[in-house]
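The values are calculated or read from the model by the stated rules, or taken from the named source; none is laboratory data. Keep in mind that what you see is a predicted model, and the values were worked out from it rather than measured. In this analysis, Cβ positions are derived from the backbone assuming ideal geometry, glycine residues included, and neighbour counts consider all displayed protein chains.
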Amino acid sequence: MILYVISVGLSVTMGLMGFINLAHGVFAMAGGFILSTAMARFGVPFPLALVAAFVLVSLGSIFLEKILYSRLYARGELSQVLFCIGLILVAMAVARLIYGNLAAPVFLPDYLRGQVQVLGRDFPTYRVFLILFSGVLILSLWTGVERTRWGAMVRAAVDNRGMAQSVGINTKRLFMITFALGSGLAGLGGALGADILPVQWGYPFEHLVYFLIVVAVGGLGSLRGPFVAALLIGIADTACKYWVPALGAFLVYAATIGILLWRPQGLFGVRA
Amino acid sequence: MAFALQTEKLCKSFGALTVAEQIDFRLEPGARHALIGPNGAGKTTFVNMLTGAIAPTSGKIFLNDQEVTRTSQAARVRLGLGRTFQITTLFRSLPVLDNVALAVAERRGDAQRMWRPASAHREIIDESLELLATLGLADDAAAAAQDLPYGKQRLVEVAIALGLRPKVLLLDEPAAGVPSADTEKILRHLEKLSAEIAILIIEHDMDLVFRFAQRITVLVQGQVLVEGPPEEIAADKRVRDVYLGEATHA
Amino acid sequence: MSGYSADTRIRWTEWLPWVAAGAFFFLLPEYLSLGARILIFILFALSLDLILGYAGIITLGHSAFFGLGAYTAGIVSTQLAINEPFVQLAAAAAVAALLGVATGAVILRTRALTLLMLTLAITAILLEVANKATWLTGGADGLSGVKVDPILGFFRFDLYGRTAFLYCLIALFLGWWVVRRLIYSPFGAMLTGIRENTTRMHAIGAPVYWRLVLVYTISATMAGIAGALLTQTNQFVGLNVLGLEPSGDILVMLILGGVGRLYGAFIGPVVYLIAQDYLAKQYPEYWYFGIGTLLIAVVLFAPGGILGMVDKLRDKWLSLYKQKSSARASAR
């Protein structure tokens, strides 16, 4: 689920905007660190810290978008990929300088700890909370992109930027907002998941492959795709590690290759 | 009799939209044939089916009596089908010479030679230079394609196609976007092309079409409306209706 | 530049890398193992330049071939007890070539993001295999106990890395010579054509896909040889030869040096590895920060890399010089 919340943000930037944003994990990491710092250092309550993670990461990404990303929209994939690798390296260095080698500690509030009974079985409360939270998020995003004016505008702008511009859509601002939303979601995902995927300086690189797989398998430009892909991969990965630990992550990669060869545009991809 | 190019009941539809319907078309060896029709008539789709860029929904395509309906684009080129693009499609940053030489090397089967430097393959270079000279581009051989004026870029398109020594040449709006003075030049060069090449030209410039073509096919809404020599087409009432109709739109 | 209009004579500047390597050998004997490492990565970068710079194939998985070559050379020694260096090299080249054909034939029909992901997934799979198949590869501890006989039965790999350095230098020289011939040949011109305009290449009847598979395989073979050289000089293989990281590293080196310029593959690894050797041990944070910033700067402001900048400066200087001399001429 965490994978989903983070990846859906990536799907927003990468899919809707057509930018190969490998540096997405950076925003997720930032979200995790913000949450941790806000709670541990300033005693901010958990829900507020989540909001802070979302808002601050969005704001930070607007800044980056303005000075760096926007120059690269028209450039080839190679430039985008390289730029992102550079950004990841810088972010990792900064994170390490500030936070050192340790994972950022996360203290869940009491009401999210412990177990909760669902259908007569015990589940960790936090995971149930995560699933519910993600569910709500997914639904609101779906309606957001499919039903609202903003969604229509983004889709139009990606389809034909010049045309969208000429019918009076401010594509520059639109892209900026979209990017901020995508990154904000990553920040939120990173913050939410900090308890399960420990946040530390190597984060953007370690999980990069997973984010990418989720988006590529799910398909660019769709919100449903990454959701299904994240579920599939999450389940496959867990199952595989549980039953045949000797294979490790092997199956996930093999499945990725298989799916991509079968449907190069991804499961729900609109465009190749 | 063998036709240079022939289609049988060629159809193409994208979902509910039919862009080519039962097109029966014949191009005789050495023909100077034009395909005209209003915007959206399906001319480009038709050309793309001929070259193999898109697959027809049904129907057959023959090149010199050989069926090529399912043959790859590259294989059709080797069978003698050359084309130019409506939107200039050159190796923009490469010298004009290289643009043509790449095509010549492919045709000669030299493109996979890995050892001797390309610039030592005199036979490829000489042939390319000769070709450029016949199109009046001899002085531009060393310039990057993107630095040429647009009219000359259109001629480079033709030169690349000729480098393949095609038996059938499809010219997709060779004069599109070219100032009228240059159109004249392009036409003069086209008229000089070998009579052994069968040429199908798709063009909007009616003046050019009627001066160049010996036969004209009119395509409207994916169907062949009428086919015949220029005088007949010019006199045809339906053709006039189609074009006058379009003229009032424009 | 390559192609039909190119002047293919070897310019005097092209001898510089070899002169520098020779000087390095005699002047800095205590750094020869770093030197050998640099030579190996130049060969690796050269193989990447062939597919990325000339054919325009974007990959995040080139380490698959490098790593496979490295492991093959090692395993030939540890499992089959074949310590003859040339046999190890040949085995690594063959296995890497095989993987190149097999994966190239499957993935080169795709483009852009999909291609990027497929290349990445392939090297990730290999990494996972190397990690788990401990009996074969040593797993996370790495594969040690690799033995390499003296070259031609005479030149022993010595402690100071003299043999290793010269051995790698010769391999690189041969690799450079082959790549140089390739890119100046009609085949190389054809690759540039594919990079410049794939649609047009299709339209002139080039079997683009097979050509890409071919060049991908050639490049894979070279990368495999580079990997084997690394094994032979270190007599050890670690997991760090596979996966995203080495792919990213080599890409960064090539980009820094300048892609599609043949000698960018020389400059990049030199700068990168020396800086890394100097910085990474003491200040890893600053190393990442520096290399990251540099990469962003190169992408945004100097797409040609270091060599591109040199070219630009030279052009500027030349045009200034011309202006001056013409101004002088007109003043008269």
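Scanning the stretch A:174-208 for residues that are assigned to a helix (DSSP H, G or I), surrounded by fewer than 24 Cβ atoms within 10 Å (Cβ to Cβ), within 14 Å of chain C (Cβ to nearest Cβ) and not acidic (Asp, Glu) gives A:PHE205, A:LEU208. Taken together, A:ALA254, A:ALA239 contain a single residue that is more than 21 Å from the chain's Cα centre (by Cα), modelled with pLDDT under 75 and in a helix (DSSP H, G or I), which is A:ALA239.
Pairs meeting the criteria (first residue in the stretch C:196-219 and facing chain B (nearest Cβ under 9 Å) and without any contact (Cβ under 8 Å) to a residue 60 or more places away in the chain, second residue basic (Lys, Arg) and surrounded by fewer than 19 Cβ atoms within 10 Å (Cβ to Cβ), beta carbons under 6 Å, at least 6 apart or on different chains) are C:GLY205/B:ARG78.
Just for helices (runs of 4 or more DSSP H) wholly inside the stretch A:19-109: which have at least 2 residues that are facing another protein chain (nearest Cβ under 9 Å)?
Working: elements: A:24-42, A:46-67, A:77-99.
Counting at least 2 such residues, we get A:77-99.
Restricting C:VAL310, C:VAL298 to those that are crowded, with 24+ Cβ neighbours inside 10 Å and either over 30 Å from C:ASN131 (Cβ atoms) or at pLDDT 85 or above (or both) reduces the list to C:VAL298. Looking only at residues of the stretch B:152-191 that are at pLDDT 85 or above and of a type in the set (S, T, N, Q), we find that the one that is surrounded by the most Cβ atoms within 10 Å (Cβ to Cβ) is B:GLN153.
When the residues of the stretch B:131-180 are filtered to those that are of a type in the set (Val, Ile, Thr) and more than 14 Å from chain C (Cβ to nearest Cβ), which remaining residue is nearest to the chain's Cα centre (by Cα)? Spell out how you get there, then give the answer.
First, pick out the residues of the stretch B:131-180 that are of a type in the set (Val, Ile, Thr): B:134, B:156, B:158, B:160, B:168, B:178.
If we keep only those that are more than 14 Å from chain C (Cβ to nearest Cβ) too, we end up with B:134, B:178.
On the way: B:THR134: 18, B:VAL178: 16 Å.
Across the stretch B:131-180, the extreme among qualifying residues is B:VAL178.
Of all residues in the stretch B:106-151, which are of a type in the set (Asp, Glu), part of a helix (DSSP H, G or I) and buried (at least 16 other Cβ atoms within 10 Å of the Cβ)? Passing the criteria: B:GLU106, B:GLU127, B:ASP140.
With the structure loaded, tell me whether C:ILE291 is under 19 Å from C:PHE66 (Cα atoms) and either within 14 Å of chain A (Cβ to nearest Cβ) or of a type outside the set (Phe, Trp, Tyr) (or both) or whether it fails that test. Before the answer, list the steps.
On the way: under 19 Å from C:PHE66 (Cα atoms): no; either within 14 Å of chain A (Cβ to nearest Cβ) or of a type outside the set (Phe, Trp, Tyr) (or both): yes.
Criteria not met by C:ILE291.
Among the conditions (1) in a strand (DSSP E or B); (2) touching a helix residue (DSSP H, G or I) at 6+ places or on another chain (Cβ under 6 Å); (3) surrounded by fewer than 23 Cβ atoms within 10 Å (Cβ to Cβ), B:LEU35 misses just one, which is (3). Residue-level check: of (1) crowded, with 19+ Cβ neighbours inside 10 Å; (2) without any contact (Cβ under 8 Å) to a residue 12 or more places away in the chain; (3) outside any helix (DSSP H, G or I), C:PHE289 misses just (3).
Sort out which residues of the stretch A:210-220 are under 14 Å from the mean Cα position of the chain (by Cα) and either surrounded by fewer than 24 Cβ atoms within 10 Å (Cβ to Cβ) or of a type outside the set (A, V, I, L, M, F, W, C) (or both), and write them in order of number.
Initial filter on the stretch A:210-220 (under 14 Å from the mean Cα position of the chain (by Cα)): A:210-216, A:218, A:220.
Within the stretch A:210-220, A:TYR210, A:GLY218 meet the criteria.
Limited to the stretch A:123-170, what total is found for residues that are β-branched (Val, Ile, Thr) and either touching a residue at least 60 places away in the same chain (Cβ under 8 Å) or buried (at least 19 other Cβ atoms within 10 Å of the Cβ) (or both)?
Looking only at that region, the number is 5.
Looking at C:TRP176, C:TRP135, which one is in a helix (DSSP H, G or I), over 21 Å from the mean Cα position of the chain (by Cα) and not acidic (Asp, Glu)? Reasoning before the result, please.
Numbers: C:TRP176 fails: over 21 Å from the mean Cα position of the chain (by Cα).
The match here is C:TRP135.
All conditions but one from (1) surrounded by fewer than 16 Cβ atoms within 10 Å (Cβ to Cβ); (2) within 7 Å of chain C (Cβ to nearest Cβ) apply to B:ALA101; the one that does not is (1).
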